[in-house]
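Participant: Before anything else, here's the structure in question.
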Amino acid sequence: MAAAIKKIIPMLDRILIQRAEALTKTKGGIVLPEKSVGKVLEGTVLAVGPGTRNATTGNHIPIGVKEGDRVLLPEFGGTKVNLEGDQKELFLFRESDILAKLE
């Protein structure tokens, strides 16, 4: 999977994120049905674009997150990216769509 992610380089202020998986089993061992599991609003940054361009100077404005950061995501939005041979769903978000950086 790491080799496939290195092939994807987001453009401008876009960020490639892998959403965290929802827990489908409780601590007591009870398996939860898919309908009762809510959408996970947390993810991990896998790749970051260079940032938007400044209109006057043409330089890139750096992005506030880096690879490996955990972020809080909106419930809806982002562009789904499916890679060949990979079961995990990746999403492309703009920097302005990310709600917060988690520590």
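Participant: Under a crude label model (7 Å from the Cα following the beta-carbon direction), how far is Lys101 from Lys35 in nanometres?
Facilitator: 4.1 nm
Participant: Using a Gaussian network model on the chain with a 10 Å cutoff between Cα atoms, which of Glu42, Glu67, Glu84 fluctuates the most?
Facilitator: Between Glu42, Glu67, Glu84, it is Glu84 that shows the largest mean-square fluctuation.
Participant: Follow-up question, since we're still on this one. Arranged from highest to lowest average of other beta-carbon atoms within 10 Å per residue, in what order do the peptides 49-62, 9-22 appear?
Facilitator: 9-22, 49-62
Participant: Hey, of [x] 22, 14, 12; [y] 30, 16, 11; [z] 27, 15, 15, which did the structure itself give for semi-axes √(5λ) of the Cα gyration tensor in Å when calculated?
Facilitator: [y]
Participant: Run the numbers for Lys7 and Arg70: contour at 0.36 nm per residue of separation, minus the present Cα-Cα distance, in nm.
Facilitator: Gain in length upon complete extension: 20.5 nm.
Participant: Which whole-number percentage describes the relative contact order of the stretch 35-74, with Cα contacts under 8 Å and a sequence gap of 6 or more?
Facilitator: About 48 percent, as a whole number.
Participant: Right, next: Under unit Cβ charges (Lys, Arg +1; Asp, Glu -1), what dipole magnitude, rounded to 20 debye, does the chain have relative to its Cα centre? If you can, show how the numbers build up before the last one.
Facilitator: Details: 15 positive and 13 negative charges, 15 e Å.
Using Cβ point charges on Lys, Arg, Asp and Glu, the chain gives about 80 debye.
Each value in this text was obtained by applying a stated rule to the coordinates, not by laboratory testing. Small disclaimer: the values here were computed from a predicted structure and weren't measured. Because the Cβ atoms are built from the backbone with ideal geometry, glycine has one as well, and the counts that use them run over all protein chains shown.
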